[in-house]
Structure formats: structure tokens, C-alpha cells
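Heads up: the structure comes next, in C-alpha cells.
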Amino acid sequence: MAAQAAEPPAQSQLKAGTLTPVMPAPELKLDGSDGKPLSLANYRGKVVLLAFGFSNCGEVCPVTLFTLASARKKLGDEAAGVQVVYVTVDPQRDDAAQMRKFLGSFDATFVGGVGTMAQIEAAEKSYGISVSRKVYADGSYTIGHSSSIYIIDRGGGLRAVMPYGHPVDDFVHDLKILLRG
Amino acid sequence: MSRVVRLILLVVLAVLAAAAGWAGFAPIHAETREQAFDIPRGTWARRRAGDLVEILPDHIRLTLGIKDVLLIRNHDEVPQTFGPTIMMPGQSFRLPFERAASYQFVCSAHASGQLTIEVEPEPVLPWAKIHWRVREWWEKQKK
């Protein structure tokens, strides 16, 4: 992995945690909920907010997606330069149609990442995502998962990571810097 | 009590009062707001060999306005997962905090795999400043 510039000038202004030197974001080899192959290279020129979750998530994912949708709304016209990509950690239940329906209830522009278990696990590994499954007596299950949002700049560099729980305004702040930088 | 003893006591009390006044009212200055930790080269290899090497404490305390940025540098030959992200070899992760709270993170650099970061509010009142200074001094003595 080749390092890009040692530290982009705006790096220390971000409210998210920042990575230095900035390195290319690991590529995704998945299917998109929009029916197209999902690759981060498709979104060069946009700032990508990448997160992992699942459509049956009752706590973390709805909050994260609502926050990201709210941030896009607050950005107004600038939101066109932001793409949210949400990769499922539950390939057993989340197919493209399910993710499209789930994500569409927050923002119609959000794209889900789906694939086989092996494809999903490869994506999780490349971003250091931890996933744990809890199975109930009736056979149903829920999934605990890393809940940070990865911020990928317009050149495809993994610039920053926003831990779960940051308010909408923190995203708006950082996105404005990255969109203008 | 002789006049000399009274004078000495007065001087001691005056010095203590001045010290308390300084500790309670002088602004707290830190050279850097970053609390830095390094993951040394060879950490993964040592772990793999069965050495329960501890790189980071399992509990880190930060204080808003004084020391409120966590900086972790990965000097190891392999990626390390710290809480919200994965750090490649040679990469640093700088995480600023703006809210006082207790944060739990997964951390592969730690033998237990868990790291707690307590972020305290900025000490503003005199008593809080004195308490902060005394605790910092005490912890430096322990090292």
C-alpha cells in the first residue's frame, strides 16, 4: 500500500479520528444494492462515508443511518459530493432488495454492499471490523459489530474514522472540510 | 509559643496559601494536548510467541482542554486494530475528544483486547484544578 502525502493540511482540523499517513482505502469487491458491482473506485471525486451494519439491527444502525441522512440534508447542494456506502454484516438475511428497502427509508441515495459470506468477511477484515453473533433459544440471532464510520476522501484515501455517537454537526463540519479541500 | 515559632508557622501558612492559590487559580498548561502511545516493532511476533506483552494501559484518562487527544502510533510490522479503526504498519491514529464520557474500545494491541478511555471535564473551579494538579503530580511520582 503506497502512502500518500504525510499529512493533508486539514487533517488536524477534523473532529473524526485521523490516520497519518493517509493510505488508499481498502477496495470492496461486493454487489451494490443498486444492482451494480460495488467498488469504491466508482465514487472517486466524492467523499465516501463507509459503515458496516445490518437491516435487522435495532439500535446502532438506525441511529447511524439517521445521522448520516441528516448530515446530507444539512449540507444542501454539497450533499451531491457525498456517498454513503453501508455494507451488511448479515449476508444470510440481507440481499440487495432488503438493503435497498432498509437504506431507502433513510436516504434514497445510500448504497448497500452485499455478497457472499466470504466476500463480506474479506471486507470486514480489511477494515478491522469485529462481528459477533448472539443466537437466541428460538434460533433467531442478532449481531454485534463495529460501529465506526470510515471517511474516504475524493481521491480514495482513508482519511478518518468517526466513532459511533458523534452528532450530525460533527459530520457536517468534517464533510465541508473534505469537500472543499 | 515563642515569637519565632509563631513567625515560622505564619510563613509556612502563607506559603501553603500561596501554593493553593496558584494551584487553584493559575491556568493549567500542557505542552501538547496529545497523549501518545507507541505500539513497538515486534509486538505481534512477541504475542505470537506467547508473551503477554502489554503496550497500552487498559485504562487511559484524558482531560478536556488539557490532554484530550489520543495518539497511537503503530511501529509494528503488522496492522493493529485500535477501537474504531485498523492502523497499517507505520501509521498513526489521532483521536480527539470533545465530550466527557467513558469510551470502550476494542484494541488488538492490548492483551485483554479492551481499552477504556475516561474523558473528564476540564477542571474549571479552583478545587478541581488543585485536585487535577495533585493527582498528576502523584501519578508522576509513581512512574
Of the GluC sites (Glu not before Pro) in segment A:1-105, those whose Cβ has at most 10 other Cβ within 10 Å and which sit in DSSP loop: A:Glu59
Using the C-alpha atoms of segment B:3-142, what convex hull volume per residue, in cubic angstrom, is computed? 132
Measuring from the longest principal axis of the C-alpha atoms of chain A, the long axis of helix A:60-75 (C-alpha) lies at a number of degrees, nearest 10, equal to 40
Cα-based reach from A:Lys36 at 17 Å (exclusive), listing aspartates and glutamates while leaving out same-chain residues under 8 positions away: A:Glu27, A:Asp94, A:Asp95
How many Cβ atoms of partner chains, on average, are near each residue of B:87-100 if near means within 10 Å of its Cβ? 5
The correct pair for segment A:135-181, radius of gyration to one decimal and Dmax as a whole number, both in Å and from Cα atoms, is 16.1, 52
Listed residue (B:Ala19, A:Val114, B:Val106) projecting farthest to the positive dipole end of the protein assembly as shown, Cβ model: B:Ala19
Within segment B:1-88, GluC sites (Glu not before Pro) in DSSP loop having at most 16 other beta-carbon neighbours inside 10 Å: B:Glu31, B:Glu54, B:Glu77
Per residue convex hull volume, Cα atoms of segment A:8-97, in Å³: 133
Normalised Cα Rg of the protein assembly as shown, dividing by 2.2 N^0.38 Å with N its residue count, works out at 1.21
Within chain B, helix-based [θ] at 222 nm, where runs of 4 or more DSSP H residues each add -39,500 (n - 2.57), nearest 500: -10500 deg cm²/dmol
Would you mind calculating the relative contact order of segment B:6-77 from Cα pairs under 8 angstrom and at least 6 residues apart, reporting the percent as a whole number? 42
A 19 angstrom limit on the alpha carbon distance is what I want to check against. Which of A:Lys15/B:Lys129; A:Lys73/A:Lys176; A:Lys46/A:Lys73; A:Lys29/A:Lys134; A:Lys15/B:Lys67; A:Lys29/A:Lys125 exceed it? A:Lys15/B:Lys129; A:Lys29/A:Lys134
Nearest 5 is fine: what % of DSSP beta bridges in segment A:47-180 come out antiparallel, could you say? 55
Nearby aspartates and glutamates by direct alpha-carbon distance to A:Lys101 (threshold 16 angstrom, same-chain neighbours under 8 apart not counted): A:Asp31, A:Asp34, A:Asp90
Using a Förster distance of 25 Å, how high is the FRET efficiency between B:Glu139 and B:Arg41, based on the Cβ-Cβ distance and rounded to 0.05? 0.35
Simple spin-label estimate for A:Val131 and B:Leu52 in nanometres, 7 Å along Cα-Cβ: 3.1
Quotient of Cα radius of gyration and Kirkwood radius for chain A, i.e. Rg/Rh, equals 0.95
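Bear in mind these aren't lab numbers, they're just calculated from the coordinates by the rules spelled out. Note that the structure is predicted; figures quoted are calculated from it, not measured. FYI the Cβ positions are ideal-geometry reconstructions off the backbone, even for glycines, and counts take in every protein chain you see.
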